[in-house]
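Input: a single structure, listed below in C-alpha cells.
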Amino acid sequence: MHISEGVLSGPVFLTGGALAAVGTAVGLKKMDYDRIAQVGILASAFFVASLVHVNIGPSSVHLILNGIVGLMLGWAAFPAILVALTLQAVFFQYGGITALGINTLIMAFPAVVCFYLFGPLIKKKHFIAMAASFACGFFSVLFSAVMLGGALIFTQENLQEVSFLVVMANLPVMIIDGIITAFCVAFLKKVHPEILYGFR
C-alpha cells in the first residue's frame, strides 16, 4: 500500500510529511528507553511483512501488520513505521523518499487510532479480547486504505475509481491482518502479557 513518487500533488505530499513529522516527534517523546528493542523488533516485522507486493495501479497490496504495531507501541508506531518505510524506500524503492511522509502517515495514524479504540479491550475476557484484536488488525488496514484513497482524490478527483479499487483490493489483507493480530495477542497474553502496551 505504498504511494509511489510523482503520483500525489505537492500540497498533499507536504501535508502528509508535516503530519508524519508531528506524529514521529510525539512518538519519540512518549517512547520509553526500555522499549527501544521492542520498537526495533516490530519495525522489522513491519518491514518484512511489507516486502511481498501485488501491484494495483499507483499502489500495491501486501501484508501490513500496522494494527499489531499500534496495539503494542501506541504513538511509538510512528517512528517504528517511519524507519521501516525508509529502509524499504532506500533498498527496494518502495514508495520513494519524497512519498515517505505521506506513506508513514497512512500506515501509522490508523495504528495509533486503533490503539486507543481497541487497546483497552484486550484486557477483557478471552472472546472480547480476540474480537478487539481482530478488529484492530482489520480496521487499521481499512483506515489506511481509506486514507490512501483520500490522498489520491485530493490530488485529482478523477482518481475516485482507483481509490475504490485500492480499498476493495485490500479487503483480503484486512481479514488476514485481523486474524494474525488476534493470534499474536492470544499468544502474548499467555506467555508475556506485559509486552502488550495496553497492559502497562
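The values are calculated or read from the model by the stated rules, or taken from the named source; none is laboratory data. Given the structure is predicted, the values throughout are model-derived calculations rather than measurements. Backbone-built Cβ (ideal geometry, glycine too); neighbour counts: all protein chains shown.
Annotations
- Residue that is farthest from PHE109 (Cα to Cα) [pool: residues in region 157-172 that are of a type in the set (S, T, N, Q) and exposed (fewer than 14 other Cβ atoms within 10 Å of the Cβ)]: ASN158
Per-residue answers, yes or no, for (1) in contact with a Phe, Trp or Tyr (Cβ under 8 Å, 6 or more places away or on another chain); (2) on the phi < 0 side of the Ramachandran plot; (3) small (Gly, Ala, Ser):
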| site | (1), (2), (3) |
| --- | --- |
| LEU121 | no, yes, no |
| ALA131 | no, yes, yes |
| LEU142 | no, yes, no |
| LEU152 | no, yes, no |
| ILE175 | yes, yes, no |
| LYS190 | no, yes, no |
| PRO193 | yes, yes, no |
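- Odd one out for THR86 among (1) β-branched (Val, Ile, Thr); (2) modelled with pLDDT under 85; (3) surrounded by fewer than 18 Cβ atoms within 10 Å (Cβ to Cβ): (2)
- Qualifying residue in region 135-155 (condition: of a type in the set (A, V, I, L, M, F, W, C), modelled with pLDDT of 90 or more, in contact with a Leu (Cβ under 8 Å, 6 or more places away or on another chain) and surrounded by 24 or more Cβ atoms within 10 Å (Cβ to Cβ)): yes
- Residue match in region 127-135 (condition: closer than 23 Å to THR24 by Cβ and in contact (Cβ under 8 Å) with a residue 60 or more places away in the chain): no
- Summed over region 160-171, the residues that are in a helix (DSSP H, G or I) and touching a residue at least 40 places away in the same chain (Cβ under 8 Å) give a count of 4.
- GLY74 being touching a Phe, Trp or Tyr at 6+ places or on another chain (Cβ under 6 Å), of a type in the set (Gly, Ala, Ser) and buried (at least 17 other Cβ atoms within 10 Å of the Cβ): yes
- Members of region 143-159 found to be small (Gly, Ala, Ser), in contact (Cβ under 8 Å) with a residue 60 or more places away in the chain and closer than 30 Å to MET130 by Cβ, listed by number: SER144, ALA145
- Of the criteria (1) surrounded by fewer than 20 Cβ atoms within 10 Å (Cβ to Cβ); (2) outside any helix (DSSP H, G or I); (3) not basic (Lys, Arg), which one VAL7 fails: (1)
- Scanning region 31-40 for residues that are surrounded by 14 or more Cβ atoms within 10 Å (Cβ to Cβ) and under 18 Å from the mean Cα position of the chain (by Cα), we see that the one that is nearest to GLN88 (Cα to Cα) is VAL39.
- Count - residues of region 89-115 that are part of a helix (DSSP H, G or I) and either in contact (Cβ under 8 Å) with a residue 24 or more places away in the chain or closer than 13 Å to ASN66 by Cα (or both): 17
- Residue list for region 2-34, filter: over 19 Å from PHE109 (Cβ atoms) and of a type in the set (S, T, N, Q): SER4, SER9
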